[in-house]
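Quick note: the coordinates plus some simple rules give every number you see, no bench work behind them. If you're wondering where the values come from, they're calculated on a predicted model, not measured in any experiment. Reconstructed Cβ throughout: ideal geometry from the backbone, glycine too, with neighbour counts over all protein chains shown.
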Amino acid sequence: MLFAPPLTRGDVVFRRAEDTRLSLEHDGADWPNRRASAVIEAHGLRWHVQSMGGGPGLLLLHGTGASTHSWRELAPRLARRFRVIAPDLPGHGFTSARGAETQSLQGMARGVAALLAKFRFSPEVVVGHSAGVAVLARLCLDAVIAPKLLVSLNGALEPFAGAGAHVFPALAKLVFLNPLTPRFFAWTANRATVTRLLDGTGSRIDPHGIDLYWRLLRNPAHVEGALAMMANWDLEPLRREFPKLKTRVALVAAGNDLTIPPTTAVRAKARLPNAEVLQIDGLGHLAHEEAPQRFADLVAKLANREIVNLRPGAT
């Protein structure tokens, strides 16, 4: 399996994908918001974390297959009012992983909890995109954090429906367990392929954003991290606990999201005791990358209702 010693075929040694992890020092010199970046040791992992701004604490968690680059335009805008912390999740970008131990929902939440403890950071607002929302909900339910507001951007809050509930995780696990799969995907990923993948989310990303995703998807360790996350993800226990989540939740759903339909937010609201749905038109799954100012304004407006000491000033 992936985390066994390197496989050998003749004179060729196939090393673990994790050995190819991007290095912030060597590969990240031009990474978005690079001056806000640091490498932190926590939970037995090397984390890439960006920290910026001042004021009430705000935690950003990206979704599967992304990294801190997903917040490249949004985070600096939010930092005008908040102290923003945004990590690369385990196995993504510049953050290391330890297989299923860190790629499951519970494992990822434990890792983020250890990272926040290292920072002594207690966010008043948490913002997640896609699968990052599930990690935030898990942290709230486990009483690791007690934010006044959780903002869900196209949150992945339901298991796959029907046969997909079994087929997609099983397929992801099968692909993940093949040591050559991450390398093959990374070797064959070209800019056109990445553009098609992003277009398939219903979003239109600028050329720089496409190039950043391309850089990530050419890296076998990043691909492995995303596959491992999908293979070990189980949302059903979290969904059963939704009625216990007392945190105020704003479920922001983009009308053109082709990855997670807006009806997901409506169904989640029915199980969450303190939630509202905010649907926005004309944007897709990566809406915060398409319209960062719009989202910065929305987060500030929502936070203003919950935080009386929010710093004034335009986002």
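For the residue pairs K118/K246; K244/K301; K244/K269; K118/K148; K118/K301, the C-alpha atoms sit more than 24 angstrom apart in K118/K246; K244/K301; K118/K301. Sequence-ordered 3J(HN,Hα) estimates for the range 292-299 from the Karplus curve with 6.51, -1.76 and 1.60 and θ = phi - 60° stand at x, 5, 4, 6, 4, 5, 5, 4 Hz, glycine and proline given as x.
Summary of packing: across the peptides 69-75, 266-272, 47-53, the per-residue average of other C-beta atoms within 10 Å ranks them, highest first, as 69-75, 47-53, 266-272. Distance from the C-alpha centroid of the range 90-112 to that of the range 236-260: 21 Å, rounded to the whole angstrom.
Proximity of backbone amide H atoms, modeled 1.01 Å from N, is registered between L278 and L251, V252, A253 at under 5 Å, excluding neighbours fewer than 5 places apart on the same chain.
With a Förster radius of 30 Å applied to the C-beta separation of K301 and V266, the computed FRET efficiency comes to 0.90.
Backbone geometry of the range 256-262 corresponds, through the Karplus equation with coefficients 6.51, -1.76 and 1.60 at θ = phi - 60°, to 3J(HN,Hα) couplings of 9, 6, 8, 9, 10, x, x Hz, x marking Gly and Pro.
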